[in-house]
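Student: Before we start, here is the structure in question, set down as structure tokens.
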Amino acid sequence: MSAVLPPSSPGPHASEAVAFAAERRWSLIVAAVIALLVLMMVITGLHWASMPPSRVETVNVKTLHLQGEFVESNLGTALGADGRVTVRLIAQQYSFMPQCIVVPADMPVTFRGTATDAIHGFVVGTTNANTMLIPGFVATFTTTFRKPGEQLMPCHEYCGTGHEAMWARVQVVAPEEFLSRARSAERLSCVPR
Ligand code: CUA
């Protein structure tokens, strides 16, 4: 409208009207963005409430050390009768159990972990092995390590004053070496004894 008037003939209130129109247009856009965000929050909230994540596995923190899957003697890497490799670990302030984990390269490895005291988490080097560990819940994922070698596994959820000192190591070894070591022990780890 008046925005296209040549500069020589502006009406006394033309610029005011242009500014008002721009302000109103802008406020409508902002209102629409806010409405869209609120709508997204409502929809995702309702969706998650009606369809919880497909798999939630809980574990009793109070008896974790005493019985069941996460007793100390069962932690570490296990080679199942079906050939599946499972790593079981616990996170607590401020360490992982076991401190050094052995896994084979080029074989699917399933991690099963939980935490005893606070929310922890870990990532293995630059791989996609990455999860949170929440007290009362079992975190699990399956991944395959391609390259043999040693990786650092730091805690990546702030869990208290010792957080930055909380880490473990992961040794990825050749499948043949892993299988021969698995024959000699029920649960493998590379923690020095
Ligand atoms: Cu455990 Cu940060």
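Student: Specify the residue that is surrounded by the most Cβ atoms within 10 Å (Cβ to Cβ); the eligible residues are those in segment 165-184 that are outside any strand (DSSP E or B) and near the ligand (Cβ under 10 Å from one of its atoms).
Tutor: M166
Student: Out of the residues in segment 119-132 meeting the condition of being in a strand (DSSP E or B) and within 11 Å of the ligand (Cβ to nearest atom), tell me which one is most open to solvent (accessible area, probe 1.4 Å).
Tutor: Selected residue: M132.
Student: Looking at segment 64-78, is at least one residue open to solvent by less than 90 Å² (accessible area, probe 1.4 Å), free of Cβ contacts under 8 Å to residues at least 24 places away in the same chain and within 15 Å of the ligand (Cβ to nearest atom)?
Tutor: No.
Student: Let me ask another. Please indicate, with yes or no, whether at least one residue in segment 92-111 is among the charged types (D, E, K, R), more than 13 Å from the ligand (Cβ to nearest atom) and assigned to a strand (DSSP E or B).
Tutor: Within segment 92-111 (the criterion being among the charged types (D, E, K, R), more than 13 Å from the ligand (Cβ to nearest atom) and assigned to a strand (DSSP E or B)), the answer is no, since none of the residues qualifies.
Student: Among the residues of segment 133-164, count how many are within 12 Å of the ligand (Cβ to nearest atom), closer than 14 Å to D117 by Cα and assigned to a strand (DSSP E or B).
Tutor: 2
The values are calculated or read from the model by the stated rules, or taken from the named source; none is laboratory data. As the structure is a prediction and not an experimental result, all values here were calculated from the model. When we count neighbours, we look across all protein chains shown, and the Cβ atoms used for this are built from the backbone with ideal geometry, even at glycine. For accessibility, only protein heavy atoms count, side chains too; no ligands or nucleic acids. Shrake-Rupley method; radii C 1.70, N 1.55, O 1.52, S 1.80 Å.
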